[in-house]
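Chemist: What follows is a structure written as structure tokens; I'll ask about it next.
The values are calculated or read from the model by the stated rules, or taken from the named source; none is laboratory data. In this text the structure is predicted, and so the values were computed from the model without any measurement. Positions of Cβ are backbone-derived with ideal geometry, glycine not excepted, and every protein chain shown enters the neighbour counts. Surface accessibility is based on the protein's heavy atoms, side chains included, excluding ligands, DNA and RNA. Shrake-Rupley method; radii C 1.70, N 1.55, O 1.52, S 1.80 Å.
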Amino acid sequence: MRTTPSESSDEPGTGRSAVLKLFIALTSISFLLRIFYAGHLYQDDGLWFTAAEEILRGKALYSEIYFDKPPGLPLLYASLFKLFGAHIIVIRLFTVFYAVGVSVVLYLFGSRLYGRKAGMVAAAMFVVFSTTFTTGHVQGLNTDFLMLLPYTAGAYLMARSLEGGKGLRRRAGLAAAGGLFAGVAFQINPKAVFDLAFFALVLLYLIVTRARRERDERRPAIEGAREPGVGAGARAGLLL
């Protein structure tokens, strides 16, 4: 795993101005791809819409409102309806900017691991392909989609905590923030448990590399003690 920043400005066409232009373009693309179906309901949209409206009427989720997922999605729908009105266009416009937010995290993750060009490609691919037509509907703001921002941010922060050159307190803070984002993602979709699997692999990697480093540090002393000349010299020094 590459753990040092690789956002090099030496890559052609990947400077800050190019990145800014990319995200302006991605915002426009996200808007155009989603605005054409903004007024339509697909598959489970009605369930989420209804659950949010019932929450605003004072009913309790699960005990009085049927919902088969964690509470993150209906609570977000209810918050948006409370602020901007209960209309599906509110959800669609929020999804436009949310998709760009996910692409920003993907850009940061990809550019830190593999370079700015890879991060830019990852961001662009997500904005386009997250709007691809699937069985019966175009991707809306469902639990899988809403989970992605905290899910990806959690993995990104955990990866950042592995970087050398940072104080222990800062690295621990990054790891804790990663765990917090993973917990938020789990409150949206249980699939976020895969972040915990990633964290476990990170911890295993740290344990193995630390054990290997300690073994390499001890090896010269052990090999020196096994050499006959060194052992005899040490005994002679003790006798003197």
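Chemist: When only residues in the stretch 56-107 that are open to solvent by 50 Å² or more (accessible area, probe 1.4 Å) and touching a Pro at 6+ places or on another chain (Cβ under 9 Å) count, which is farthest from residue 28 (Cα to Cα)?
Modeler: Only one residue tops the list, namely 62.
Chemist: Among 67, 126, which is the only one that is modelled with pLDDT under 95, hydrophobic (A, V, I, L, M, F, W, C) and not in a helix (DSSP H, G or I)?
Modeler: On the way: 126 fails: not in a helix (DSSP H, G or I).
Testing whether each residue is modelled with pLDDT under 95, hydrophobic (A, V, I, L, M, F, W, C) and not in a helix (DSSP H, G or I) leaves just 67.
Chemist: Considering only residues that are under 30 Å from residue 115 (Cβ atoms), in contact (Cβ under 8 Å) with a residue 60 or more places away in the chain and open to solvent by 60 Å² or more (accessible area, probe 1.4 Å), which ones fall in the stretch 14-55?
Modeler: 29, 31, 33
Chemist: OK, next. Within the stretch 178-190, can you find the residues that are open to solvent by 30 Å² or more (accessible area, probe 1.4 Å) and farther than 20 Å from residue 77 by Cα? Give the steps one after another, and end with the answer.
Modeler: Going residue by residue through the stretch 178-190, those that are open to solvent by 30 Å² or more (accessible area, probe 1.4 Å) are 179-181, 183-184, 186-187, 190.
The answer is 179, 180.
Chemist: Tally the residues that are over 16 Å from residue 140 (Cα atoms), free of Cβ contacts under 8 Å to residues at least 40 places away in the same chain and not aromatic (Phe, Trp, Tyr), restricting the search to the stretch 56-74.
Modeler: So the answer is 10.
Chemist: Let me ask another. Which of the residues that make up the stretch 75-100 are without any contact (Cβ under 8 Å) to a residue 24 or more places away in the chain and more than 21 Å from residue 185 (Cα to Cα)?
Modeler: 83, 84, 85, 87, 90
Chemist: Suppose the filter is surrounded by 13 or more Cβ atoms within 10 Å (Cβ to Cβ), without any contact (Cβ under 8 Å) to a residue 60 or more places away in the chain and either among the aromatic types (Phe, Trp, Tyr) or under 30 Å from residue 158 (Cβ atoms) (or both); does residue 126 pass it?
Modeler: yes
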